[in-house]
Every structure is written in structure tokens, then in C-alpha cells.
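Novice: Structure provided below as C-alpha cells; questions to follow.
What follows draws every value from the coordinates through simple rules; no lab data is involved. Remember, predicted model here, so these are calculated numbers, not experimental data. Quick reminder, even Gly has a Cβ in these numbers, built from the backbone with ideal geometry, and neighbours come from all protein chains shown.
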């Protein structure tokens with residue numbers, strides 16, 4: 001066989017192997033870079049650093065989660081400034097990456113945040129922008145951990161009976177929404193992330209964010225007029241407006 005022909009055959013045979021190797025290396029490198037960005041997200045939350053969060057998120061990113069009726073949709077620019085205080089006892093907060101999937105310049109990461117009062121599952125959409133991976137969208141779900149529910153002596157109540165508590169409440173300039181979600185109540189500041197209330201008897205509920213706290217609805221003339229929420233050393237007294 002002519003030497004030149006032999007060389008061309010060998011190059012043709014080896015080229016696909018080299019290309020596949022380069023692609024595998026690029027995939028592995030991108031996955032590591034995506035994981036590093038997600039870890040920056042964790043670090044920024046735990047240390048209370050909007051600057052660190054800005055290293056993980058695109059400035060035009062949005063965070064979307066469940067609310068009352070319509071989803072809660074918050075821009076990164078609105079959310080990040082509120083994350084400016086470090087978490088106390090950070091060892092109690094477990095943040096982990098469940099999986100990462102990368103295709104070209106797009107990626108998805110699923111994270112699980114096991115926190116003392118709440119369990120979050122995030123789905124993070126990432127894009128490689130100007131050579132750098134950034135989170136461009138976050139969708140989250142939250143639930144009450146089983147360990148918290150075990151501390152609450154729940155008294156069964158059906159959704160129909162819960163309807164009387166649903167409405168809009170006000171404390172100062174803050175507006176709070178209460179709604180029925182199955183056999184529990186949802187509670188959130190207008191436009192904010194919800195927590196849940198579990199019935200413990202009569203007009204009294206235990207909030208998931210502090211199972212030792214108590215929220216008691218007040219009524220007059222068979223109508224709920226407001227509630228008092230006590231947890232830790234705090235007391236919140238509201239009036240119903242709707």
C-alpha cells in the first residue's frame with residue numbers, strides 16, 4: 001500500500017476516536033463547571049452574600065415557585081438583596097446536588113435543600129454565556145419535613161371547615177394571604193414564598209416554620225376577624241381585610 005494512502009486510512013480511523021475523546025472531556029469539564037456554579041449558589045445563601053450569588057446567577061434570572069393561585073415569580077435583582085444575612089448554625093442546613101445534565105451550552109441541575117423547617121427541591125436552568133455558566137432560571141418546590149410533622153399533634157380537619165380562615169390579613173404595611181391547601185392552610189406574605197399551618201385544635205394552628213409556635217384565629221359574630229401568631233419571642237397581630 002502506498003505510504004500516503006496508508007497514512008490517510010490511519011488518520012480517518014483515529015479521527016472519530018479523538019473527536020469522541022474531546023467531546024467526553026468537554027462534557028466532563030462543563031459538568032464540573034456547572035456544579036461549581038451551583039455550589040456558589042449554596043455558598044451565597046449560607047453566608048448571606050448577594051455578591052457571591054451574583055457569581056452564580058445571570059442578572060436577568062427569575063425564581064419561580066408555588067404561591068396562592070398564580071405562581072410566585074421573583075427577579076434575581078429583587079431576591080438577592082434580601083439574602084444579606086448569614087444563616088445561623090449552618091451545619092443544620094444540608095444542600096446537595098442530586099444530578100446535573102449538560103447538553104452543549106445548556107444545562108439543568110436538580111438540588112435538594114434539607115433545612116430544619118422546610119425541604120426545598122430546586123430545578124436550576126443554566127446557560128453558558130460568554131464562556132461562563134450562569135443560572136438563568138430557578139423553579140422550586142417546598143414541603144414540610146417529616147421530622148417537623150412528627151413534632152405537631154395534628155387534629156384532622158377537612159378543607160370545607162378550613163375555608164372560613166382563607167382570606168387576606170394585614171399587619172401594618174404588610175399583607176398576608178391565607179388559603180386552603182388540602183388538609184392544611186398556606187400562609188405567605190403577598191408575593192412571597194409560602195409556609196404551612198397545621199390544625200392542632202379549635203381555632204389554633206402550628207406553623208411549619210416553628211412547630212412550637214401557635215397561630216390562633218380570632219372571630220366576632222361568627223366571622224374570622226384576624227389572627228395572632230406567636231413564635232419564639234415574637235408576636236404578630238393581624239386584622240382581616242378580605
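Novice: Between residue 161 and residue 127, take the C-beta separation as r, use R0 = 41 Å, and let me know the FRET efficiency to the nearest 0.05.
Specialist: 0.30
Novice: Moving on to the next point. Once R0 is set to 22 Å, what does the formula 1/(1 + (r/R0)^6) return for the Cβ-Cβ distance between residue 147 and residue 112, expressed as a FRET efficiency to the nearest 0.05?
Specialist: My answer for the efficiency is 0.90.
Novice: Counting residues in the stretch 104-242 as N, plug N into 2.2 N^0.38 Å and put the Cα Rg over that result.
Specialist: Scaled against compact globular proteins, the figure is 1.28.
Novice: In addition: Give, in whole angstrom and from largest to smallest, the semi-axes √(5λ) of the equivalent ellipsoid of the stretch 55-114, with λ running over the eigenvalues of the Cα gyration tensor.
Specialist: 21, 19, 14
Novice: Given the chain, what percent of its DSSP beta bridges are antiparallel, to the nearest 5?
Specialist: Close to 95 percent.
Novice: Report the calculated FRET efficiency for residue 51 and residue 221 (r = Cβ-Cβ distance, R0 = 45 Å), to the nearest 0.05.
Specialist: Step by step, r from the Cβ atoms, then E = 0.25.
Novice: Two decimals is fine: what is log10 I(q)/I(0) at q = 0.08, 0.18 Å⁻¹ for the chain, from a Debye sum with one equal scatterer on every Cα and no solvent?
Specialist: Once normalised to I(0) and log-transformed, intensities are -0.43, -1.34.
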